[in-house]
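The values are calculated or read from the model by the stated rules, or taken from the named source; none is laboratory data. This structure is a prediction, so every number in the text was calculated from the model and none was measured. Methodologically, a virtual Cβ is constructed for each residue, glycine included, from the backbone with ideal geometry; neighbour enumeration extends over all protein chains shown.
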Amino acid sequence: MVHIYQYLTSQQKVRHYENTPDGTFFFAHQHILLASSLYQHLATIRTPFDYVRANIVILALENQTIINRELTEINQISADGKEINEDKYNKRLQNELSNRPYFEDGGIRIYVPLFSRSLNLLWQKKVGNEPLTKYQVLNPAENSDILDPFEQYNFALYSSNFTSLVEIGGQGSARAYYHLDFMTLYFINDQGRLDVSLPLFDRRMKKYSTNHIIDRLNPVVRAFFNGDRSSMVAALFNQKLISSHAYARLLGMKSPLRGSEDEL
């Protein structure tokens, strides 16, 4: 029996992922990862999904830099013995972060998913409510609150504006996401790791449409979570997400279907 994911991966069209918005963002900010001993391994791209993970960390590190800049100034003012206008600095921090990615977890805004919920909450409190000694500059290499963001926050992180993914659905310990530019369906587990990827619109298709793509993916995702391979293959074909050639191969036919307009 032909393996769905391996086969469609081998049959995908040539795609220049580096030219997509995720790809261009990554290469423009790759130096941020390379400068970090903890995250420089993410600067090497082996699969398209690596762009997603790398960009999450880049955005988190950028948020960290913004927060550090504000906290450093607050601490300097305190060290100089000057009065701190907490409303002024809270407002300025909020303004600096207003267009930055975040998600909510347990009612707490997570701007830096590299750290624990408690640390993300701490620096968001009003300056006057906590001793300034607690407002330490965030440094992953020196902080016990550092964690694996993908495992800790998993679905909340992937569903947030830290990524370009669109959540399709889920069941139990996994969820499905679609990347509009990569034209790939990703199934991610609750450890924040990729289980399988499903590239669509294989190279045998002369033409294809992405109209109403989310609606068209729903029956594919349902079949996946129901463990129904035949329904999944049928849904991929009926929704015009794979060619008749791929459909025949996935059904185990010796000869691909003939006469379809999608064949090269």
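Here are some notes:
- Scan region 167-184 for residues that are among the aliphatic types (A, V, I, L, M), closer than 12 Å to L217 by Cα and part of a strand (DSSP E or B) and the total you get is 2.
- Answer from R193, R175 - the residue that is in the same structural domain as L8 (by TED's automatic domain parsing), under 24 Å from R117 (Cα atoms), buried (at least 19 other Cβ atoms within 10 Å of the Cβ) and within 24 Å of the chain's Cα centre (by Cα): R175
- Residues of region 180-218 satisfying the condition of being more than 22 Å from A156 (Cα to Cα) and in contact with a Leu (Cβ under 9 Å, 6 or more places away or on another chain): P199, L200, F201, D202, R203, R204, M205, K206, Y208, T210, I213, R216
- Output for region 24-77, where each listed residue is out of contact with any helix residue (DSSP H, G or I) (no Cβ under 8 Å at 6 or more places or on another chain), closer than 27 Å to T9 by Cα and surrounded by 16 or more Cβ atoms within 10 Å (Cβ to Cβ): F49
- Output for region 128-166, where each listed residue is part of a helix (DSSP H, G or I), under 23 Å from L33 (Cβ atoms) and at pLDDT 65 or above: P149, F150, E151, Q152, Y153, N154, A156, L157, Y158
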